[in-house]
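Report on the structure given below.
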Amino acid sequence: MEYKLKQISTSGIAEAIAKAELYRSLNEPEEAESICRDILSIEPQHQFALRLLGLALTDQFTTGSSDRFKETEEAFQQLSDPYERRYYKGLLYERRAKAELKSGHGPRAALTLFELALQSFAEAEKIRPAGNDDAILRWNRCVRLLQNSSYGWEESDLEGAGFEAIDASPK
């Protein structure tokens, strides 16, 4: 027996988005991903579904070969808003760096990713909408992770990776 995917209705997109958000909040990113793919099959440029898909994929990050970094990057590159493309690119790098840290790999692999995240957040900050401090909040989280000595950061590693310009003093 052959099974085929069924299409959802255009009028069901709003409810599907709500379900995808719920599944992400329940830590069931595979279900959220599936719903986003259903939405994108009928509206390929649906911006909210692209964001949710990318986030659901980052929720599944590991450092193994099943890591879907490239696929996530492609979803975020389809975002039409320049601010969002930069912001979510930063989030992509930040979440990949955190996956590296959780995997127990040495901190050096994460340093480059944090640097890329910080660059993306800085670019997003420059063009952010009025009152939107999300890029600053993410920047600060990355800096706090870099301040956390329990990850085994060496001062020379941080400086060698270009982090000497980061004001890491608590605000």
- For segment 82-92, indicate whether the set of residues that are under 23 Å from Leu146 (Cβ atoms), of a type in the set (A, V, I, L, M) and under 12 Å from the mean Cα position of the chain (by Cα) is non-empty. yes
- Note on the structure: Inside segment 117-150, the number of residues satisfying the requirement of being part of a helix (DSSP H, G or I) and either in contact with a Leu (Cβ under 9 Å, 6 or more places away or on another chain) or in contact (Cβ under 8 Å) with a residue 40 or more places away in the chain (or both) is 14
- So which residues in segment 1-30 are part of a helix (DSSP H, G or I) and either touching a residue at least 60 places away in the same chain (Cβ under 8 Å) or surrounded by 13 or more Cβ atoms within 10 Å (Cβ to Cβ) (or both)? Gly12, Ile13, Ala16, Ile17, Lys19, Ala20, Glu21, Leu22, Tyr23, Arg24, Pro29
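Just name the residue that is modelled with the lowest pLDDT out of those in segment 64-90 that are not in a helix (DSSP H, G or I) and not small (Gly, Ala, Ser).
That would be Asp67.
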- Item | Residue in segment 76-94 that is outside the structural domain of Ala122 (by TED's automatic domain parsing), over 20 Å from Phe121 (Cα atoms) and touching a Leu at 6+ places or on another chain (Cβ under 9 Å) present | no
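The values are calculated or read from the model by the stated rules, or taken from the named source; none is laboratory data. Only a predicted model underlies this, so the values are computations on that prediction, with no experimental measurement involved. A quick note on method: Cβ atoms are made from the backbone with ideal geometry, for glycine too, and the neighbour counts reach across all protein chains shown.
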